[in-house]
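Data block below; observations after.
The values are calculated or read from the model by the stated rules, or taken from the named source; none is laboratory data. Computed from a prediction, not measured in an experiment: that's the story for all the values here. All Cβ positions, glycine included, derive from the backbone under ideal geometry; neighbour counts span all protein chains shown.
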Amino acid sequence: MNILRMIKRRDFNAEPIRLGIWGVSESGKTVYLAKLYRMLLKEGWKIRISGDYKDFLEQAIEKLDNRELPNATNTSDEQIKTCQYRISNDNFQETGKKVQAVIDFFDIAGEYYGGENKIRYREELRINLNGEEVTLIDYLLSCDGILFLLDYWRNSNKTSNGKSQLQLLEELFREMFERREYLDSKVSNRKQNNSFEQLESYVVFAVTKADHEDIENSGMSSIELVSKVLNFDPKTEDIINWFDNYFYVDKSKLARQIDDGYYEKPSKFHRCQFFAVSAIGSYYDEKSGRSKSGVIIPEKPNPDPQERKSDDVFSPKGDKVSNPSDRFGGRERKDRNQKPKPQILKGVRLEPMNVVEPIEWFIEGILKNPPKLPSIHTNTPTPGENEKE
């Protein structure tokens, strides 16, 4: 039988909606999740938090309430942090229907999927999924929807492992396609003709930190912003063909989104949406007549001209000797040279942007047209395992 099974009637209480989040380090995953909790409550959702990420996330929520930026997650931590949002809404999107769902979030840096550690993270790092340990790629294949958080300010810059966001995404999608074909061949004992089928998941590509003046006042639509991050020219069909290669999209709808920023509802044959997201928000400045960011970055203080330009230490005779601080990890040098930490502006009303909307878009589409889900089990080897059999 085919490893991909069509779900015709799905009990979302027994088999809850599952969403995954992808984003490079410092793309705003933690801030988004923390703000999502507060905004879900504001929009009338009931929400409960669980998972080993719970304490860290609760601290992040508290910091945001105090208008402080939360600490970033440690991308070198080999323990994948999990968080579950159990949500319920008695009148979802004013339909009068009660919606209950459990959404699993795994806060995983996008760099885990690329670079020299790709094989290690693909095969060795595992997460708990319904009591079973699975690989990260298997987990993403089992997600009903995946939210890709893109950092606008890295549109042409490399990430921490030397790759662009576009390169990391393409590596990830290739891994997912290869894994799906591998799983299918192992179960059916023959190659299935699904090599050119798109990935089943609903996907949202969201440009974060959209409260910045350069973004909010640019006049660009969400898909144009995404195109710029991925280094595509939105005036060509390159970006449309790129999405069509991986996901279920209606090309005419994508073109309309580029032309006029039209909001497209999810459907069976169109499972891709775009948002400009700001978890912090912006405010209207009456003096300038423009929207301004709620995040301010303090300027790095100018060094004292009388202070030495280096941390070199000299003996009374003028001979250069080792710096004592180097023996203790160079803490003094690091503290002086580190970048000023951004701060959240106080005393103004900040309006977050498109925090809950991606989640509601996912739920609307998944409830109406559930995607095909792969049957993932721990006894299914990863490529390279049991090849001698």
Inter-residue pairs, beta-carbon under 7 Å, first assigned by TED's automatic domain parsing to the domain that holds residue 16 and small (Gly, Ala, Ser) and in segment 356-375, second surrounded by 21 or more Cβ atoms within 10 Å (Cβ to Cβ) and in a strand (DSSP E or B), 6+ apart: 365/202
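Return the residue satisfying two criteria in turn: it lies in segment 286-313 and is surrounded by 12 or more Cβ atoms within 10 Å (Cβ to Cβ) and either over 22 Å from residue 340 (Cβ atoms) or of a type in the set (Ser, Thr, Tyr) (or both), and of such residues it is modelled with the highest pLDDT. Before the answer, list the steps.
Step one: list which residues in segment 286-313 are surrounded by 12 or more Cβ atoms within 10 Å (Cβ to Cβ), which gives 290-296, 311, 313.
So of that shortlist, the ones also either over 22 Å from residue 340 (Cβ atoms) or of a type in the set (Ser, Thr, Tyr) (or both) come out as 290-291, 293, 313.
Numbers: 290: 84, 291: 85, 293: 90, 313: 41.
The qualifying residue modelled with the highest pLDDT is 293.
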How do the pairs read when you match residues in segment 161-176 that are assigned by TED's automatic domain parsing to the domain that holds residue 230 and in contact (Cβ under 8 Å) with a residue 40 or more places away in the chain with residues anywhere that are among the small types (Gly, Ala, Ser) and surrounded by 20 or more Cβ atoms within 10 Å (Cβ to Cβ), using Cβ under 7 Å and keeping only pairs 6 or more apart or on different chains? 161/114; 163/114; 167/114; 168/110; 168/114; 171/114
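Can you tell me which residue among 108, 103, 119, 80 is in a loop (DSSP other than H, G, I, E, B), modelled with pLDDT under 85 and in the same structural domain as residue 179 (by TED's automatic domain parsing)?
Working: 108 fails: in a loop (DSSP other than H, G, I, E, B); 103 fails: in a loop (DSSP other than H, G, I, E, B); 119 fails: in a loop (DSSP other than H, G, I, E, B).
When all the criteria are applied, what remains is 80.
Of a type in the set (Lys, Arg) and over 26 Å from residue 29 (Cβ atoms): is that true of residue 209 in this structure? Can you show your working first?
Numbers: of a type in the set (Lys, Arg): yes; over 26 Å from residue 29 (Cβ atoms): no.
Here the answer is no, as residue 209 does not meet what is asked.
Filter segment 40-71 down to residues that are within 18 Å of residue 209 (Cβ to Cβ), under 20 Å from the mean Cα position of the chain (by Cα) and surrounded by 16 or more Cβ atoms within 10 Å (Cβ to Cβ) and give me whichever is modelled with the lowest pLDDT. Don't jump to the end; show me each part of the working.
Our first condition is that a residue be within 18 Å of residue 209 (Cβ to Cβ); within segment 40-71, this holds for 60, 63-64, 67-71.
Checking the rest, the ones that are also under 20 Å from the mean Cα position of the chain (by Cα) come to 60, 64, 69-71.
Applying the additional criterion that residues be surrounded by 16 or more Cβ atoms within 10 Å (Cβ to Cβ) yields 60, 64, 69-70.
On the way: 60: 90, 64: 92, 69: 90, 70: 87.
Among those residues, the one meeting the criterion is 70.
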Single residue of 252, 218, 282 found to be surrounded by fewer than 19 Cβ atoms within 10 Å (Cβ to Cβ), among the hydroxyl-bearing types (Ser, Thr, Tyr) and not in a helix (DSSP H, G or I): 218
